[in-house]
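Working notes, beginning with the structure itself.
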Amino acid sequence: MLKKILQIIVNDGILYKREMAERVGVQTETLDDMLKILLERGYLRLSECGISEKVVCSSCPSAGSCNTGVSGQAYYVTAVGRKYAQH
């Protein structure tokens with residue numbers, strides 16, 4: 001299932017945790033544990049955004065779904081994670 005999570009992130013981009021949990025077939029709490037494992041193994045990296053002003057960062061991959069003033073988290077697959085997801 002860890003590989004499936006990486007494949008979903010790589011192929012479909014950033015998803016809400018609830019949607020990802022449904023696609024993997026687990027509860028969101030279980031998904032949180034799985035994401036933690038992927039982070040610890042270096043397959044994912046976490047990016048946090050807490051912009052409090054109305055700013056659109058064109059380089060941010062979640063700019064289209066960003067809620068200003070709300071702290072968010074996005075998971076990105078590392079090079080090692082991409083390699084693992086392909087095998």
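In this structure, is residue 81 in a loop (DSSP other than H, G, I, E, B), within 14 Å of the chain's Cα centre (by Cα) and at pLDDT 90 or above?
So residue 81 fails the test.
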From the residues in the range 23-46 that are in a helix (DSSP H, G or I) and among the hydroxyl-bearing types (Ser, Thr, Tyr), which one is farthest from the chain's Cα centre (by Cα)?
-> 30
Answer yes or no as to whether residue 45 is open to solvent by 100 Å² or more (accessible area, probe 1.4 Å), touching a strand residue (DSSP E or B) at 6+ places or on another chain (Cβ under 7 Å) and at pLDDT 75 or above.
-> yes
Any idea which residue in the range 12-22 is modelled with the lowest pLDDT, counting only those that are open to solvent by 60 Å² or more (accessible area, probe 1.4 Å) and either small (Gly, Ala, Ser) or under 12 Å from the mean Cα position of the chain (by Cα) (or both)?
-> 14
Inter-residue pairs, beta-carbon under 7 Å, first on the phi > 0 side of the Ramachandran plot and in the range 36-54, second modelled with pLDDT of 65 or more, 6+ apart = 42/78; 42/80
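The values are calculated or read from the model by the stated rules, or taken from the named source; none is laboratory data. These numbers were taken from a predicted model, which means no experiment stands behind them. Glycine also receives a Cβ, built like all others from the backbone with ideal geometry; neighbour counts cover every protein chain displayed. The accessibility values were calculated without ligands, DNA or RNA, using every heavy atom of the protein model including side chains. Shrake-Rupley method; radii C 1.70, N 1.55, O 1.52, S 1.80 Å.
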